[in-house]
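A short write-up of the structure that comes next.
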Amino acid sequence: METNISSEKPESSETKTAVVAIIGRPSAGKSTFLNTASGEPVSIVSPIPQTTRNAIRGIVNTSLGQLVFIDTPGYHESEKKLNLKLKTITEEQLAEAECILYIIDSTRETGSEEELTANLVKAHSEKTVVAINKTDEKVSRPQTIRSFLEKVLPQIPAERIFEISAKNDTGINEVLKALYNLAPVAPKLYPEEFYTDQEVGFRIAEVIRGQAINRLEQEIPHAVYVSIADMEMRKDGRELWVRAFLCVERESQKGIVIGKGASMIKTIRIESIKALRRIFDYRIDLDLQVKVDKNWRQKDTVLTRLLDK
């Protein structure tokens, strides 16, 4: 999908292409920005922090070129095994990307985690654009964020710092233009009709997980992962049958996910099917069940399978 700046003509006939890593604290609005910029629901959006676990790719095509965004997990301090692996994903993507988009939540106080993130960006300041997000909210303090940036990231010039609302699609085009200015001249990595390179199974699993975590309370969302057991195209390519499992860590959590009279799992299944039908041009038939994978967040085999995608 093309953004509003697609009608503009580039200064030269050469196409600019860049892989852009998005970094920010949990719930800064990275996934919302990615979905708004790409025009499609590429990444899970949830009020629950730390829902992004993989480096999600969203692709923006305009007349200026192509930007391939990677939505990295929220960067924060933690010694838990899963969180350490998430930090590694973030650090690797920053090093490899041609550009970096640093998103800051203007409604929250800056603290040690924001300084940690900013210090990580500092080593790559020459290729970084900053977006001060959620400026549509009454408690937004963009000037406080600007003062923070002047202190910790003086290397980034003011013309590469923007105030935006990813939710309301305000200021997004200006951020994209700044990223194109930093992008190298290179051929496009993907055909123009692509808005993500996620495989079908991964997209289905993320949709199911998104529907689950927005309905489950307390610690349950972080204890859930989705396993796609089988997929089979049926009815001459008009329907994809999928068997998937919502996996939790303990038996007590299984009952919560299933719900009274199986009400919760039925709701997750129905809403997942609705969301998937908006994404794919064929029908999705979903067989969704719940199973226990005890203490999966401490198992390297499970973490590797989930994160190396």
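The values are calculated or read from the model by the stated rules, or taken from the named source; none is laboratory data. Since we're looking at a predicted model, the values are computed, not measured. Backbone-built Cβ (ideal geometry, glycine too); neighbour counts: all protein chains shown. Surface accessibility is based on the protein's heavy atoms, side chains included, excluding ligands, DNA and RNA. Shrake-Rupley method; radii C 1.70, N 1.55, O 1.52, S 1.80 Å.
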Pick from region 133-162 the residues that are open to solvent by 80 Å² or more (accessible area, probe 1.4 Å) and touching a residue at least 12 places away in the same chain (Cβ under 8 Å): which of them is nearest to Thr32 (Cα to Cα)? Val139
Pull out all pairs, ordered by first then second residue, where Cβ-Cβ is under 7 Å, the residues are six or more apart or on different chains, the first lies in region 259-282 and is surrounded by 12 or more Cβ atoms within 10 Å (Cβ to Cβ), and the second is part of a helix (DSSP H, G or I) and of a type in the set (Lys, Arg). Ile279/Arg203
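For (1) within 25 Å of Ile279 (Cβ to Cβ); (2) among the aromatic types (Phe, Trp, Tyr); (3) assigned to a strand (DSSP E or B), each residue gets a yes or a no:
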{"site": "Glu232", "(1), (2), (3)": "yes, no, yes"}
{"site": "Arg243", "(1), (2), (3)": "yes, no, yes"}
{"site": "Leu246", "(1), (2), (3)": "yes, no, yes"}
{"site": "Gln253", "(1), (2), (3)": "no, no, no"}
{"site": "Ala262", "(1), (2), (3)": "no, no, no"}
{"site": "Ile265", "(1), (2), (3)": "yes, no, no"}
Candidate set from region 86-111 (those that are out of contact with any helix residue (DSSP H, G or I) (no Cβ under 9 Å at 6 or more places or on another chain) and touching a residue at least 60 places away in the same chain (Cβ under 8 Å)); member that is nearest to Ile22 (Cα to Cα): Gln93
Return the pairs, sorted by first residue and then second, in which the second residue is in a loop (DSSP other than H, G, I, E, B) and open to solvent by less than 50 Å² (accessible area, probe 1.4 Å), the first residue lies in region 179-191 and is at pLDDT 90 or above, the beta carbons are less than 6 Å apart, and the residues are 6+ apart or on different chains. Tyr180/Leu64
Exactly one of Ala244, Ala212 is among the small types (Gly, Ala, Ser), touching a helix residue (DSSP H, G or I) at 6+ places or on another chain (Cβ under 7 Å) and at pLDDT below 90, and that one is Ala212
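Residue-wise test of (1) within 18 Å of Gly201 (Cβ to Cβ); (2) hydroxyl-bearing (Ser, Thr, Tyr); (3) at pLDDT below 90.
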| position | (1), (2), (3) |
| --- | --- |
| Met233 | yes, no, yes |
| Arg238 | no, no, yes |
| Glu249 | no, no, yes |
| Arg277 | yes, no, yes |
| Asp287 | yes, no, no |
| Asp300 | no, no, yes |
| Leu306 | yes, no, yes |
Residues (modelled with pLDDT of 85 or more and in a strand (DSSP E or B)) located in region 26-61: Val60, Asn61
Here are some residues: Val152, Val129. Which one is over 24 Å from the mean Cα position of the chain (by Cα) and modelled with pLDDT of 95 or more? Val152
